[in-house]
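The values are calculated or read from the model by the stated rules, or taken from the named source; none is laboratory data. For clarity, every value in this text was computed on a predicted model and none was experimentally measured. Cβ atoms come from the backbone with ideal geometry, glycine included; neighbour counts cover every protein chain shown.
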Amino acid sequence: MSGPTKSMGVITVVALVLTTAYTVALGSNGLLWFGWVVLGLVTIGMAAADSVPPTVPRPHRGRPSS
């Protein structure tokens, strides 16, 4: 997994912990849980897209060799 995908995974887990803490402290909020589910689906999509090899080779971004 690439760096952005790992970061998204960490954000998703932190959001789950915060949403759970909010639910325990103040009661359930459907909008928070809906947002977390959407965030989780986006994270799964990023992980799936990251695991597929590219169909076109990526261009080399380094200095051109002379």
- Message: Between a residue in the range 1-13 that is of a type in the set (Gly, Ala, Ser) and any residue that is modelled with pLDDT under 90, which pairs come within a Cβ distance under 6 Å, given they are 6 or more apart or on different chains?
- Response: SER2/ASP50
- Note on the structure: Filtering the range 32-56 down to residues that are assigned to a helix (DSSP H, G or I) and more than 18 Å from LEU16 (Cα to Cα) yields ALA48, ALA49, ASP50, SER51
- Message: Restricting to the range 1-41, name every residue that is at pLDDT 90 or above and of a type in the set (Val, Ile, Thr).
- Response: VAL10, ILE11, THR12, VAL13, VAL14, VAL17, THR19, THR20, THR23, VAL24, VAL37, VAL38
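Just the residues that are of a type in the set (Ser, Thr, Tyr) and part of a helix (DSSP H, G or I), please, taken from the range 1-31. Working first, answer last.
As a first pass, look at the range 1-31 and keep what is of a type in the set (Ser, Thr, Tyr): 2, 5, 7, 12, 19-20, 22-23, 28.
Selection gives THR5, SER7, THR12, THR19, THR20, TYR22, THR23.
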